[in-house]
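Written below as structure tokens is the structure these notes are about.
The values are calculated or read from the model by the stated rules, or taken from the named source; none is laboratory data. Given the structure is predicted, the values throughout are model-derived calculations rather than measurements. Glycine also receives a Cβ, built like all others from the backbone with ideal geometry; neighbour counts cover every protein chain displayed.
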Amino acid sequence: MERTATVHRKTKETDITLTLRLDGGETDISTGIGFFDHMLTAFSVHSGFGLTVKAKGDLEVDCHHTVEDVGIVLGEAFSQAVGDKGGVTRYGHAFIPMDEALGFCAADVSGRPFLVFEAAMPQAVVGGFDACMAEEFFRAFSVHGGVTLHLSAPYGKNTHHILEALFKAWAHALGDACSKREGGVLSSKGVL
């Protein structure tokens, strides 16, 4: 079974087309927010997922709608691509150092969305990306992807490094959680 999904979402604020391939593929990201493109590219590379994103948003307002809506669409694509969650490892976690910063993510591909996000951002903006939007992005992904995520950065002084550590930790955790295993759904209940 091909673990791939394409989602298109158009609102008065954004127009997004996204394709996610859990078993690898091209990476081509264009959101109009350079730093966000950098983070999504890092996510694709470090998770091993193919990811293409074409997003146009009302950046003349700010980056909020674009970032949150990409999270929604990526979550929807993830949910479709992973399907009934049979044959996946389900859990993954990673610690990622980025110079002085440390990022951690634990993920459960459970169908039960929940986000715990604990990370202070010393600088409010990185390259046109409002640092507070990281939590909104991960919440949108978690809710629409059906994934429990715990993300934290216990220390760090540079917001670029903190965010990059978090995005890469998320990538490794989710990549591991989606790795293939023998058998059906990993649950004592038999379903998720």
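More than 19 Å from residue 143 (Cα to Cα) and not in a helix (DSSP H, G or I): which single residue out of 115, 51, 20 fits that description? Quick ask: steps written out before the conclusion?
Numbers: 115 fails: more than 19 Å from residue 143 (Cα to Cα); 20 fails: more than 19 Å from residue 143 (Cα to Cα).
Criteria check complete, one pass: 51.
Being modelled with pLDDT under 95 and either crowded, with 20+ Cβ neighbours inside 10 Å or closer than 21 Å to residue 22 by Cβ (or both) narrows it down to one residue among 103, 87, 75, 48; which is it? Full working, then the answer.
On the way: 103 fails: modelled with pLDDT under 95; 75 fails: modelled with pLDDT under 95; 48 fails: modelled with pLDDT under 95.
Just one listed residue meets the conditions, 87.
Identify the residue in the stretch 9-42 that is touching a residue at least 60 places away in the same chain (Cβ under 8 Å) and surrounded by fewer than 22 Cβ atoms within 10 Å (Cβ to Cβ) and, among all such residues, is nearest to residue 81 (Cα to Cα).
Applying the filter and picking the extreme gives 21.
Output the number of residues of the stretch 7-23 satisfying the condition of being within 15 Å of the chain's Cα centre (by Cα) and of a type outside the set (A, V, I, L, M, F, W, C).
2
Report whether or not residue 107 is closer than 19 Å to residue 136 by Cα, outside any strand (DSSP E or B) and touching a helix residue (DSSP H, G or I) at 6+ places or on another chain (Cβ under 8 Å). Break it down into steps so the answer makes sense when it comes.
Details: closer than 19 Å to residue 136 by Cα: yes; outside any strand (DSSP E or B): no; touching a helix residue (DSSP H, G or I) at 6+ places or on another chain (Cβ under 8 Å): yes.
Spelling it out, it is not the case that residue 107 is closer than 19 Å to residue 136 by Cα, outside any strand (DSSP E or B) and touching a helix residue (DSSP H, G or I) at 6+ places or on another chain (Cβ under 8 Å).
Looking at 130, 84, which is the one that is in contact (Cβ under 8 Å) with a residue 60 or more places away in the chain, acidic (Asp, Glu) and in contact with a Cys (Cβ under 7 Å, 6 or more places away or on another chain)?
On the way: 84 fails: in contact with a Cys (Cβ under 7 Å, 6 or more places away or on another chain).
Just a single option satisfies the conditions, and that option is 130.
Looking at (1) over 22 Å from residue 129 (Cβ atoms); (2) without any contact (Cβ under 8 Å) to a residue 60 or more places away in the chain, can you tell me which one residue 48 breaks?
Condition (2) is where residue 48 drops out.
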